Structure formats: structure tokens, C-alpha cells
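The values are calculated or read from the model by the stated rules, or taken from the named source; none is laboratory data. These numbers were taken from a predicted model, which means no experiment stands behind them. Backbone-built Cβ (ideal geometry, glycine too); neighbour counts: all protein chains shown. For accessibility, only protein heavy atoms count, side chains too; no ligands or nucleic acids. Shrake-Rupley method; radii C 1.70, N 1.55, O 1.52, S 1.80 Å.
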Amino acid sequence: MHQQNTANQTKWLYLFIGLAVLLNFSGLFITIIGPDGNLYATIAKTMVLRNNYADLYAWGNDWLDKPHFPFWVTALFFKCFGFSTWAYKLPGILFVIMGAVYTYRFAKSLYNKQIALWAVLILLTSQHIVLSNNDVRAEPYLTGLIIAAVYYFYKAYTNNSLWQLLLGCLFTACAVMTKGMFALITIGGAIIGHLLITRQWKQLFHWRWLLAIVMTLLFIMPEIWCLYRQFDLHPEKIVFGRTGVSGIKFFFWDSQFGRFFNTGPIKGHGDPSFFIHTTLWAFLPWSLLLFAAIFQFIKKGIKNVQIQEWYCLCGSMITFLLFSASKFQLPHYIVIVFPFFAIITAQYIFGLTSAKSVKAVHVTQIIVIILMLIAIGLLQYFYQPETFGWLPGIILLALLITLVLVPSRIAEGMQQTILHTLLAAFIINVYLNLCFYPSLLHYQSGSEAAMWINKNNPQNLPVFIDDGMFHDDMIFYLNAPLTELKPDAKGVITSPSLMYANTGVVNDYKARGWNLRVIKTFKRYPVTRLKPAFLNKATRDKEISETQVVLLQPMKH
């Protein structure tokens, strides 16, 4: 009877994993969120248009910041499917799904199938994973690549397999070519940390790791060659305001360690507690369980270090502590260790046997669920998105009814708590991806204007822009060349043309005697910097500015 019950519950877990995968695809068609997403999409678009996959360009200049791998993958998808929102986001989402597959395989190897299934569900419903699959940057790629690399290195030494070592090196090299050398700290930290704590000295100093270093270096040669070709061969190029910049030195040192020590060209200000409160919201609805899981894992592990696996704790906590000590911190950095967090949380939940502990977790999660649902209710009440139609309404109502009625009928104990938590995560993110973000992105005026011009420019009039340096949302979405314009360049306009600029700039053109007519006005707000005054519909108008598309006529001499 117990086995049949477990089998039925496992079937439900498979269903929920399927729904969690769908949830992560729910942001596929939402306009790309700037500034980073549109910048990366534009760099990959430029690769395809120029048919140059070795050099990176942004804003018409050589661009030295991130390595090539995500741009190569995105460019491949653009080449196959054209320039579109979904073609940009799809590869990132697929890498996260790959990360979920390797989370399952790694957790199953370390523990059992039940923990592995729970770990996948926890990973795919953690708040910042779903968010990262909408706001795609480098992290979705890294999340999949790092857990895959750790899994294959683990298999390489437990099975003494050369093929698995080779795969581990390949995934490691791709991770390094995605974000830089810091990826090695997470991957190496997981493997070396475990071998050090369990005192497996023979395994730690095995020749295979020397071979792994050599093979990884060999696999990152395409990146080194591209950087050498674009920068080191051309010391006359001005990068970061100076000449003689080495792309290879930047890749190996400045891009990561320069940020960490605040000595590189890109600087920041660090707060040691930043990633603690970031994880609190980013790993919702599982974050409180994660903190308890880490505490219990260490408490239990200290008593007998040999019987525990330390890969997940070392891989995640070494990265976490280094990020916390860094001077350059952004919330999305922490996503790369979520597969490890998911496994740690799943094994903790699975290990809870006493009725008292199970009840404590149940109460905690119900409080978290209620608070999250209240937060979404308040967001709906104050923001009032115009995108809240009957279809999202029906889906959300169905999920809410399921949340109240279903878990208690199909599961018991900890399984029931997990199902309640999963359904709450579905409700939150269905609302965000079907209602909130589609509405919010209407205030990203560059992409809105570009899509409007694409539909309303049958004569294919030239398009100009006077909107500062950063307008990648406009560049990516516009199906035409975009040319910079300044108010003192009247001779440039020789035929009727369109121009995009903010209202203040348009008024300046008028004051200088330009012959123009406003044909469309857009509302603008920096969509990644949400403030309460903007989120409240009653006070929103005070927070937004306006941009305009105007028809320019040639000046009569």
C-alpha cells in the first residue's frame, strides 16, 4: 500500500515538473528587458548582420566586457530563426532546463530519486530562476553549464572515466567563455572542497586534474584567439578611455578579479550582507527552508564529515562568500549556485521525519505562501495592469482553487507542503509573466517605438535617433538602420525622415527651427528600477517621462 502511495505521489511530481518547465517558458514572448538583455541581443544581432563571429561590437565600438559563448549561441539561434524576442530568450531557457536535468542526475547519484525530483521542482520554481528566464542575461547559461561540469567531474573521479572528464572540461570551458574565470571557483570549489573535507588526498592530487586543466585551457582557445585578434593585435584601439588594452589580460584578470578587488575598469561598492537578503527573496518560496537546510547540514556534517557529500555546500558557499566579499554585486549573480541550493534543500526536506519538524516546516511555508499571495494581491490592487484579461484570470483562478483543494487530497506530510508551495510559486509567476511584465514593458519606450515604426512606416523612411548613448532596445527591435542625429546637423536630412527622441529634445529641435511634426508619443520609465510611486497607478504619471516619434522634413534654404 505504501509503495503504491509513493508511486502515485511520484506521478504527481512528474506532472508538476512538466508544469514547472512550462512556467519557465511563460516569459518567452515578453519584450526583452533592458538595459542588459537588449544590449546582449544587439551584440548577437550585430554578429549576424556583419557575418563576424570573432569580434564583439556595441554602440558602434569595440566591446570588451563579457566573453563570447552566449553571443555565439544567440547568434546561431538568430541565424536559424531570425531576430525576435523568443529567438533571443529560448537558448537561455534551454540551458536552465539542461541545468535541471543535471541537477536531477547529480542529486540522484548523491542521494536518491525522490530527492532528485524535489530538487528539480525547487530549482525550477525558485523566484530568480523564473525571472532569469524572462530577463535573460549570462546567468541562465552559467546555471546549466556549472552544474553539468560538476556532475561530470564527480562521475570522472568516482568512475575513473576519461570520457566524463573530457565532458566536464568542455562544460567548464563553456562556463569560462560565458562569464570569465570566476566560474572555475564554483566548479573547482565543489570538487576540491569535497575532497579536502573528506581527506581524499590521493584523489585530490590525482593526475586527472592536471589533464583537466590542460584540456580546459585547450577548449577556451577560441575565446583567447578572438580576444587576441580584436584587441591584443590592435593596441591603438581605445578601450575604457585608453590605448594598449589587452583583451586576454582583461579576460583572465580584470573582468572578474578586477571587479572583485575593485581595481578593474568597471567598479562597484560592496555590502557583505547583500547576498543574504538577496537570497531571501531570490530563492523564494524555498529560502527559509534553504537557510535551515544549510544550518542543519553543517551541524550534522561536522559530527561525521566522511559520510556526507560536500560538493553542493562547498560549490555554493565558497561562491556565496566570495560574492559577498566582492565590491561589485548584482542580484542575478547568485542564480548560478541555485542547483546546489535546490539539492541541499531537497535532502533536508526528505530527511525530516519527526511530526514536530514536518509541522514546523508546514506552518513556515503556509506563512510564506500567504505573504507572497498578499504581495501579488497588493501589486494587482495598486498597479492595475491593463494586460489582466480573462485568460490570465481563468488560469490564476484555476491555480488558486487547486492550491486550496488538491494537495490535501493527493498527498500527505511533506509532499503536501511541497505541493502547496509549488502551486503558490505557479500563481506568483503566472501573474508576473502574463500580467505584470507585459504591462511594465509598455514603459520601455525604445522597444515600443521600434515595434510601432516597423508597423507604421510603409514608405520605409530613414529613421534617426537623438536619445543619448544607450538605446539598444530601439536598435534590436527596429527592422531598419538607425542613425544618430544632433540638432545642429540640419543638412543631414535630405528627404522626409522619422526621428525618435524624448520630448525635451524634440522641443529643442523645434526651437532651432526644424520642420517637424509629432506623430506618436510613448510613455517611458526605467523598468528595472521600480519604485512604489510608479507601481501605484494613482501617482504613476508623476514618475514617467515621454518620448516621441516625429516626422522630419528637409530644411528649405
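Just to be sure I understand, how many residues within the range 504-529 are within 27 Å of residue 134 (Cα to Cα) and in contact (Cβ under 8 Å) with a residue 60 or more places away in the chain?
Number of matching residues: 6.
Quick check, is residue 473 out of contact with any strand residue (DSSP E or B) (no Cβ under 8 Å at 6 or more places or on another chain), crowded, with 22+ Cβ neighbours inside 10 Å and among the acidic types (Asp, Glu)? Answer is yes for this residue.
For the range 512-537, which residues satisfy the criterion of being hydrophobic (A, V, I, L, M, F, W, C) and either in contact with an Asp or Glu (Cβ under 7 Å, 6 or more places away or on another chain) or open to solvent by 90 Å² or more (accessible area, probe 1.4 Å) (or both)? The answer is 522, 533, 534. Would you please name the residue that is modelled with the lowest pLDDT, looking only at residues in the range 237-256 that are open to solvent by 50 Å² or more (accessible area, probe 1.4 Å) and part of a helix (DSSP H, G or I)? Step by step, filter the range 237-256, then rank; the result is 253.
Looking at 23, 49, 76, can you tell me which residue is open to solvent by 30 Å² or more (accessible area, probe 1.4 Å), assigned to a helix (DSSP H, G or I) and within 22 Å of residue 142 (Cβ to Cβ)? Talk me through it step by step, then tell me what you get.
Working: 23 fails: open to solvent by 30 Å² or more (accessible area, probe 1.4 Å); 49 fails: within 22 Å of residue 142 (Cβ to Cβ).
Going through 23, 49, 76 in turn, the sole match is 76.
Step by step: first the residues of the range 403-425, then only those that are in contact with a helix residue (DSSP H, G or I) (Cβ under 6 Å, 6 or more places away or on another chain) and among the β-branched types (Val, Ile, Thr), then the one that is farthest from residue 130 (Cα to Cα). Which residue is that? The extreme case among them is 410. Does residue 59 satisfy the condition of being surrounded by fewer than 19 Cβ atoms within 10 Å (Cβ to Cβ), touching a residue at least 12 places away in the same chain (Cβ under 8 Å), in contact with a Leu (Cβ under 7 Å, 6 or more places away or on another chain) and not aliphatic (A, V, I, L, M)? When the stated conditions are applied, residue 59 does not pass them.
Would you point out the residue of the range 198-214, among those that are in a loop (DSSP other than H, G, I, E, B) and under 17 Å from residue 165 (Cα atoms), that is most open to solvent (accessible area, probe 1.4 Å)? Full working, then the answer.
Filtering the range 198-214 down to residues in a loop (DSSP other than H, G, I, E, B) leaves 198-200, 205-206.
Right, trim to under 17 Å from residue 165 (Cα atoms) and you get 205-206.
Values: 205: 162, 206: 49 Å².
My answer is 205.
Would you call residue 44 among the hydrophobic types (A, V, I, L, M, F, W, C), within 18 Å of the chain's Cα centre (by Cα) and open to solvent by less than 10 Å² (accessible area, probe 1.4 Å)? Yes: the conditions hold for residue 44.
The numbered conditions (1) modelled with pLDDT of 95 or more; (2) over 18 Å from residue 147 (Cβ atoms); (3) of a type in the set (S, T, N, Q) are all true for residue 103 except (2). I want to confirm something. Restricting to the range 539-550 and keeping residues that are in a loop (DSSP other than H, G, I, E, B) and touching a residue at least 12 places away in the same chain (Cβ under 8 Å), which single residue is most open to solvent (accessible area, probe 1.4 Å)? For the range 539-550, the residue satisfying everything is 543.
Residues in the range 288-337 that are outside any helix (DSSP H, G or I) and among the aromatic types (Phe, Trp, Tyr): how many? Steps first, answer last, please.
Initial filter on the range 288-337 (outside any helix (DSSP H, G or I)): 304, 308-310, 326-330.
The next check asks that each one be among the aromatic types (Phe, Trp, Tyr); those that pass are 310, 328.
Result for the range 288-337: 2.
Exactly one residue among 165, 142 is in a helix (DSSP H, G or I), free of Cβ contacts under 8 Å to residues at least 60 places away in the same chain and open to solvent by less than 30 Å² (accessible area, probe 1.4 Å), and that residue is 165. As for the range 173-182, it holds at least one residue that is within 27 Å of the chain's Cα centre (by Cα), hydrophobic (A, V, I, L, M, F, W, C), under 24 Å from residue 143 (Cβ atoms) and modelled with pLDDT under 95. For the structure I just gave you, tell me whether residue 87 is part of a helix (DSSP H, G or I) and either open to solvent by 20 Å² or more (accessible area, probe 1.4 Å) or in contact (Cβ under 8 Å) with a residue 24 or more places away in the chain (or both). For residue 87, the condition - part of a helix (DSSP H, G or I) and either open to solvent by 20 Å² or more (accessible area, probe 1.4 Å) or in contact (Cβ under 8 Å) with a residue 24 or more places away in the chain (or both) - is not met. None of 29, 81, 16 is surrounded by 14 or more Cβ atoms within 10 Å (Cβ to Cβ), aromatic (Phe, Trp, Tyr) and on the phi < 0 side of the Ramachandran plot except 16. Here residue 195 fulfils each of the conditions (1) open to solvent by 20 Å² or more (accessible area, probe 1.4 Å); (2) without any contact (Cβ under 8 Å) to a residue 40 or more places away in the chain; (3) out of contact with any Ser or Thr (no Cβ under 8 Å at 6 or more places or on another chain) apart from (1). Checking each residue in the range 271-288 for being open to solvent by 10 Å² or more (accessible area, probe 1.4 Å) and not charged (D, E, K, R) picks out 272, 273, 274, 276, 277, 280, 281, 284, 288. Filtered by the rule that a residue be open to solvent by 30 Å² or more (accessible area, probe 1.4 Å) and more than 17 Å from residue 544 (Cα to Cα), the range 439-460 gives 451, 452, 454, 455, 456, 458, 459, 460.
Considering only residues in the range 112-139 that are of a type outside the set (A, V, I, L, M) and assigned to a helix (DSSP H, G or I), the one that is farthest from residue 421 (Cα to Cα) turns out to be 139.
Tally up the residues in the range 501-511 that are open to solvent by less than 40 Å² (accessible area, probe 1.4 Å) and not polar (S, T, N, Q), please. Show your work before the answer.
Going residue by residue through the range 501-511, those that are open to solvent by less than 40 Å² (accessible area, probe 1.4 Å) are 501, 503, 505-506, 509.
Restricting the remaining residues to those that are not polar (S, T, N, Q) gives 501, 505-506, 509.
Adding up the residues that qualify gives 4.
Listed conditions (1) surrounded by fewer than 17 Cβ atoms within 10 Å (Cβ to Cβ); (2) modelled with pLDDT of 85 or more; (3) part of a helix (DSSP H, G or I) are all met by residue 234, apart from (3).
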